[in-house]
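The values are calculated or read from the model by the stated rules, or taken from the named source; none is laboratory data. The structure presented is a predicted model; accordingly, all values stated were derived computationally and were not measured. A quick note on method: Cβ atoms are made from the backbone with ideal geometry, for glycine too, and the neighbour counts reach across all protein chains shown.
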Amino acid sequence: MTETTPSVHSKIGASSMHRWAACPGSIRQSEGLPNHESPYALEGTRAHDIAAKILLGQDLTKELIDFTDPEDPRYVDDEMLEAVDVYVKAFNEAREGAKFSLIEEPFDLSDIYPGLFGTSDGIIYREDRLELEVWDYKHGAGMAVEVENNEQLMYYGLGALLKTKAKCKTVKLVICQPRCPHSSGPIRSWTISTPDLIDFAADLVEAAKRTEDPNAILVAGDHCKFCRAAPMCPNLSYLAVSKAKEEFKPIPSYDPQKLAEYLELVPAIKSWVKSVEAFAFAESERGRVPPGFKLVPKRANRKWRDEKSAMEFIAFELGLDAKDILKPATLLSPAKVEAFLNKDDKKLLEEYTLKESSGNTLASINDKREAVKSAVEVDFKVLE
């Protein structure tokens, strides 16, 4: 199978359709702005890279052992590995007995409309069912993504269908989103007939055309965290500032429903604040410091000029024993050790591991974890 990738970056690629389909005006708003990738985007890209390497059987030594600095963009923490593992296990199970499976497969739909292209995270073809499965890994934790009638997923499905030319009656679209609770769990799927998916091509073209309208509307939402124009977007800034000005009255006179509505907006507002900070810092690094601000060095931390000469001086001149000053070797976390093992060996580690919660957190009612009893409920039970 020959791989083709467009030579020019597209404004309406599949990976960003979640944004430009919901907010067609974001394309116009982003014109001329530098592309400073958000921390969310960098983290997501890294997670996809790790998942692809595991599924392709590539060496992960550097990612898990050599890159130990949390500030290094190549660093992989346990949370990322645990999330990726959910996707890897589910995908491997789904492709057992399949005629073929593809990882990070690019496609180009420029014959349908210029600029339409993307890369499918995972594709599985079941000849016995005449079904093509198209998987999309979502690393985001801020907002659960629904799979049914999801235009971005249909975009990926259409691309995979035309790229593989697989003979199929249906296309099964699958979302894996381990870090965001959902009533249906982290793996969610929806099946569409091949004729209906082909018909979707017309809708895709219409959505792409809406972005070319000079008066295309701006719509704020969870998709804003992926937008280059978020720091300067008048719609998003108005939403954030107007909600921040509202105050709650002293307990118990505030409106609980209003509080719930505000909680729904928190991810979008947090994303806007972080994007403003990241954009301003990147611009300042390029010499365009916003009025009223300045770049200053971070707090300095001491480090050894030369570890070998320092260790010799400390040992021979100051008389300290090496065992007192050398950091002992530490065992990698269970998640990182498991990344080197096959499915059967992973099970052998279970009796040596345990899970401990670090505390409580507020979650959506869709979260499948059992609710913690409040202190009031516990006290009332004791009184009973």
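Screening the stretch 176-203 for residues that are touching a helix residue (DSSP H, G or I) at 6+ places or on another chain (Cβ under 8 Å) and in a loop (DSSP other than H, G, I, E, B) and picking the one that is surrounded by the fewest Cβ atoms within 10 Å (Cβ to Cβ) gives R179. Taken over the stretch 152-174, the criterion of being touching a Phe, Trp or Tyr at 6+ places or on another chain (Cβ under 8 Å) and either hydrophobic (A, V, I, L, M, F, W, C) or more than 17 Å from P106 (Cα to Cα) (or both) is satisfied by L153, M154, L158, A160, L162, A166, C168, K172, L173, V174.
Among the residues that make up the stretch 69-78, is at least one of them assigned to a helix (DSSP H, G or I) and crowded, with 18+ Cβ neighbours inside 10 Å? No - not one qualifying residue is present in the stretch 69-78. Taking each residue of the stretch 126-142 that is closer than 13 Å to C176 by Cβ and at pLDDT 95 or above and looking for partners that are outside any loop (DSSP other than H, G, I, E, B) and acidic (D, E) with beta-carbon atoms closer than 7 Å, six or more apart or interchain, yields W135/D121; D136/D121; Y137/D121.
Each row is one residue, and each column tells you yes or no for (1) outside any helix (DSSP H, G or I); (2) under 25 Å from V266 (Cβ atoms); (3) touching a His at 6+ places or on another chain (Cβ under 6 Å).
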position	(1), (2), (3)
G44	no, yes, yes
A52	no, no, no
D59	yes, no, no
L81	no, no, no
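Quick one: would you say A322 is farther than 29 Å from D49 by Cβ and surrounded by fewer than 11 Cβ atoms within 10 Å (Cβ to Cβ)? The answer is yes for A322.
Would you confirm, using the coordinates I've provided, whether A22 is under 27 Å from G221 (Cα atoms) and in contact with a Leu (Cβ under 8 Å, 6 or more places away or on another chain)? Spell out the reasoning first.
Details: under 27 Å from G221 (Cα atoms): yes; in contact with a Leu (Cβ under 8 Å, 6 or more places away or on another chain): no.
No.
Residues that are at pLDDT 80 or above, at least 3 per element: which helices (runs of 4 or more DSSP H) completely within the stretch 266-376 meet that?
On the way: elements: 307-316, 322-325, 334-338, 343-348.
The qualifying helices (runs of 4 or more DSSP H) are 307-316, 334-338, 343-348.
Against the test of being in a helix (DSSP H, G or I), modelled with pLDDT of 85 or more, loosely packed, with under 13 Cβ neighbours inside 10 Å and more than 26 Å from the chain's Cα centre (by Cα), the options E212, E206 yield a single qualifying residue, E206.
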